[in-house]
Amino acid sequence: MAARMTHRARVLAAVDHQETDRTPIDFGGTLATTIVPLTYEKLKHHLGETHPTTIGWKRQQLVMPAETILERFDVDTRPLKLGNYDEGKARVLSTHQMIDNWGTTWSKEIGGHYLNVDGPFYNTEPDQALIEAYDWPEPDNPGLYRGLKTQAENLHNHTDYAVILDLGIGIVTRAQFVRGFMEFLLDMTLHPDFAKALLDKLGQIWIRIARNALQEVGHLVDVVFWGDDYGMQQAPMFRPQHFTDLVKPVNQRMVATVKELSEARVLLHSCGSVAPMIPDMIDTGIDALNPVQVSADNMDPAKLKADFGDRLAFWGGIDTQGVLPFKTPTEVGEYVHFIIKTLGKGGGYVLSTVHNIQEQVPPENIVAMFEACLSNRT
């Protein structure tokens, strides 16, 4: 059996395609690798835990798992999040509706999470002048960075966990939030100059925020994460050529900023069937891809490993559509061993669920997933 590694060393070695003493685990390290409140309550009850539930990501209604839970399953990661804007445009409209600092209106049903229903470029003509005239959120706002360095120092200097700087969402998702989901996809085909201008502007703001944060904590973080969905269940969300022409150049600048100011590995979250875009993703310089939605078309884990495993690490892969909700704990354990054997051969794999654990997943299966991983030591 290999010598026990620190949590930080284990994650970094895996992302660098090296063998580890066991497969590293991420749970709650990002806004895409955690759990919804109702299921967390069931998990707490199953484990005999009575601590209060903390919502770490309000708009998505996602839990920040308690340290007792993370320690129980020997989770290797811990999140580092930006703060909130000082005196931004965000405001609450009602008990179930709010506007964020980007001007997007969010609404939610009881028990659900918030969905974007309006934004500054909804129902407007694709005029580039509107982009330049808009009052964008200020990336130098001090509230975003207040206390960030202290949190990072506590995690880096007083624990051995892999620290993940969570920079939220990327340029395509943000464009859909301010423009409208369908409208922006149409823009990519019908109005590519407008789409490019919007992505460039959003990229400039993202890069400024990342630069400010990394100048504070770049030497203290191990992974930088953001999420930007490009796929659906059966195909990419838009033509791969649109990624090459419009998205990739901005993503390259984003990744370059991270690597200029830190030695952190770059973790990109993109759901769905994204295999046709993976070569371009690799070209941008990312180190790992999450969530590896193996239930989507063309996302067979063995083929992904064969095609890209020497150039890209995989972070996710535990199916939340068919396996975790509906299989027995024994079957979940067998599936975890299969994914580890497939995606983790020779290193290059961090275990987490394919996106956040939803309400249909029984707590016994969550425990079985973690215990199967912990038993899989080299």
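Can you pull out the residues in the range 66-83 that are under 24 Å from GLY143 (Cα atoms) and surrounded by 16 or more Cβ atoms within 10 Å (Cβ to Cβ)?
Scanning the range 66-83 gives ARG78, PRO79, LEU80, LYS81, LEU82.
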Selection from the range 98-110 of residues closer than 25 Å to GLU359 by Cα and touching a residue at least 12 places away in the same chain (Cβ under 8 Å) yields MET98, TRP106, LYS108, GLU109, ILE110
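The rows are residues; the columns are (1) in contact with a helix residue (DSSP H, G or I) (Cβ under 8 Å, 6 or more places away or on another chain); (2) part of a strand (DSSP E or B); (3) touching a residue at least 12 places away in the same chain (Cβ under 8 Å).
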site	(1), (2), (3)
LYS305	yes, no, yes
ARG311	yes, no, yes
GLY317	yes, yes, yes
GLU331	no, no, no
HIS337	yes, no, yes
LEU351	yes, yes, yes
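Count, please, the residues in the range 63-86 that happen to be without any contact (Cβ under 8 Å) to a residue 24 or more places away in the chain and in a loop (DSSP other than H, G, I, E, B). Steps first, please.
If we filter the range 63-86 for residues that are without any contact (Cβ under 8 Å) to a residue 24 or more places away in the chain, which is where we start, we get 66-68, 71.
Subsequent filtering for residues that are in a loop (DSSP other than H, G, I, E, B) retains 66.
Final tally of qualifying residues: 1.
Got at least one residue in the range 238-246 being under 27 Å from LYS345 (Cα atoms), charged (D, E, K, R) and not in a strand (DSSP E or B)? Spell out the reasoning first.
Initially, the range 238-246 is screened for residues under 27 Å from LYS345 (Cα atoms), giving none.
No, the range 238-246 contains no residue that is under 27 Å from LYS345 (Cα atoms), charged (D, E, K, R) and not in a strand (DSSP E or B).
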Considering residues that are over 22 Å from THR77 (Cβ atoms) and not charged (D, E, K, R), the number found within the range 207-237 is 11
Residue selected from the range 41-54 under the condition free of Cβ contacts under 8 Å to residues at least 40 places away in the same chain and assigned to a helix (DSSP H, G or I), by the criterion surrounded by the fewest Cβ atoms within 10 Å (Cβ to Cβ):
GLU41
Just name the residue that is farthest from GLY170 (Cα to Cα) out of those in the range 20-34 that are in a loop (DSSP other than H, G, I, E, B) and charged (D, E, K, R).
ASP21
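Within the range 247-264, is even one residue within 29 Å of ARG211 (Cβ to Cβ), touching a Phe, Trp or Tyr at 6+ places or on another chain (Cβ under 7 Å), among the polar types (S, T, N, Q) and crowded, with 16+ Cβ neighbours inside 10 Å? Quick ask: steps written out before the conclusion?
We begin by selecting, within the range 247-264, every residue within 29 Å of ARG211 (Cβ to Cβ); these are 247-264.
Of the ones still in play, those that are also touching a Phe, Trp or Tyr at 6+ places or on another chain (Cβ under 7 Å) are 254.
From what's left, among the polar types (S, T, N, Q): none.
Within the range 247-264 (the criterion being within 29 Å of ARG211 (Cβ to Cβ), touching a Phe, Trp or Tyr at 6+ places or on another chain (Cβ under 7 Å), among the polar types (S, T, N, Q) and crowded, with 16+ Cβ neighbours inside 10 Å), the answer is no, since none of the residues qualifies.
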If we ask which residues in the range 191-205 are touching a residue at least 24 places away in the same chain (Cβ under 8 Å), in a helix (DSSP H, G or I) and out of contact with any helix residue (DSSP H, G or I) (no Cβ under 6 Å at 6 or more places or on another chain), their number turns out to be 4
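Each value in this text was obtained by applying a stated rule to the coordinates, not by laboratory testing. The shown structure was predicted, so the numbers you read here are calculated from the model rather than taken from an experiment. In this analysis, Cβ positions are derived from the backbone assuming ideal geometry, glycine residues included, and neighbour counts consider all displayed protein chains.
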